[in-house]
Amino acid sequence: MMKRKLLVRGLTLLSVVALHALAPVQAQTFPDKPIRVVVPFAPGGGADVIARMVGERLTANWGQPVIIDNKPGAGTLIGAHAVATSPPDGYTLLAATADTLAVAAALQRKPITQPEKTLTPLTQIVRTPLFIAVKPDSPYKTLADFVEAARRNPNGLSYGSAGVGTLHHMAMEMFDAQAKIEVKHAAYRGSSPALADLLSGVLDVAVIDSPVALPQMKGGKIRALAVSTAARSSMAPEVPTIAEQGFPGYAAMSWMGFAVPRGTPQPVADKLFGGIRDAIENPEVAQRLRGMGLDPVTSKSAAEFASFAGTERERWGELIRAKDIHAD
């Protein structure tokens, strides 16, 4: 029995050594077959479009097809689970949003995967400002007007978000807590349906991401009371931040990056990190992203992105627990 245990341990040790020895060779030849990018949303949305843009650049630079695989559901955790259970060889990536890496697991009592344990973040690629918006003829001319009305009439006003657990939802819940107001939440399947109900008068305000909000703002269809980011957005510098309107320290934004299965060899992960960074920093891609209302940004390292995601997960998790928010 002792000899068998020693033999098993020896074989295991040899396997680990072999894998470590193989990793540099894998990195040298990587990629030598198609790469799959799992997008945890339906086709046609912002994350899908961005993933395809990055995929096009990777194909151009590496000569291997990048296949987009849409797997929506469970607050993005179906897609995350598909990647987490794939071979950790660098050929399966997740187009991961803040919903995936910072919020979704905390919202579900029995999540099918816990991304912080099953995935390795690679790099952030975009940040998305959020706007608290009203109709042009709304009686709320400033954020202070809205807050005052909400305090006079608890749960008498309503706001729309892109869905339960999205950063749109979390951002407004955090604002409600800081402003000490209670506003009814109406969850939609994306910003566009929320915008439609705002324009029709069903909602008092809506939290809308920049790709949807900016064209409407420029066309005079909606008016932004505030932007959620710590500093004013260069895309709408006339819109004041929430922080500068009496709520110091407030900051929230949606974001997106890439992740791989935990256990992916470091040399392969490093090559993916460099390839994705080069794709986002490509002038044509950066220009297209800004034209969509997005801020292109890359992490200095995978460790920096993991740290950022961890900080976001901690603060949103604290809010979710404090307000007892659940998606299931």
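Considering only Gly160, Gly79, Gly274, the Gaussian network model of the chain with Cα springs below 10 Å gives its largest mean-square fluctuation to Gly274.
Name the shape class, rounded, prolate or oblate, that the alpha-carbon gyration tensor gives for segment 215-285, where a ≥ b ≥ c are the square roots of its eigenvalues, rounded holds for a/c under 1.5, and otherwise prolate holds if a/b is larger than b/c and oblate otherwise. Taking the square roots of the gyration eigenvalues as a ≥ b ≥ c, segment 215-285 is prolate. Summing +1 for each Lys or Arg and -1 for each Asp or Glu among the other residues whose beta-carbon sits under 10 angstrom from that of Leu101 gives -2.
By the scheme Lys and Arg +1, Asp and Glu -1, what is the net charge of all other residues having a beta-carbon under 15 Å from that of Ser191? Taking every Cβ under 15 Å from that of Ser191, the sum is -2.
In what sequence do Val37, Val285, Val207 fall when counting other Cβ within 10 Å, fewest first? Don't skip to the end; give the middle numbers.
On the way: Val37 22, Val285 19, Val207 30.
Lowest to highest Cβ neighbour count: Val285, Val37, Val207.
Counting only residues at least eight positions apart within a chain, or on another chain, the lysines with an alpha carbon under 30 Å from that of Lys180 are Lys135, Lys141, Lys221, Lys323.
Would you order Asp145, Asp204, Asp324, Asp69 from fewest to most other beta-carbon atoms within 10 Å of each residue's own beta-carbon?
Numbers: Asp145 14, Asp204 22, Asp324 6, Asp69 17.
The most exposed by this proxy come first: Asp324, Asp145, Asp69, Asp204.
Most tightly packed first, judged by the mean number of other beta-carbon atoms within 10 Å of their residues, the peptides 111-123, 178-190 read 111-123, 178-190. Taking the chain as a Gaussian network of alpha-carbon nodes connected by springs under 10 Å, the highest mean-square fluctuation of the residues Ala60, Ala171, Ala51 belongs to Ala60. Mean residue ellipticity, 222 nm, helices only, the chain: the sum of -39500 (n - 2.57) across DSSP H runs of n ≥ 4, divided by residue count and rounded to 500, is -14000 deg cm²/dmol.
Specify whether the C-alpha gyration tensor of the chain places it in the rounded, prolate or oblate class, a ≥ b ≥ c being the square roots of the eigenvalues: rounded for a/c under 1.5, otherwise prolate if a/b is larger than b/c and oblate if not. Kindly include the intermediate steps, with their values, before the conclusion.
Details: a/c = 2.60, a/b = 1.81, b/c = 1.44.
Cα axes put the chain in the prolate bin.
With both labels modelled 7 Å from their Cα along Cα-to-Cβ, the Gln114 to Glu284 distance reads 4.4 nm.
Read the figures in this text as sums done on the coordinates, not as results from a lab. Just so we're clear, the structure is a prediction, and the values are computed from it rather than from any experiment. Positions of Cβ are backbone-derived with ideal geometry, glycine not excepted, and every protein chain shown enters the neighbour counts.
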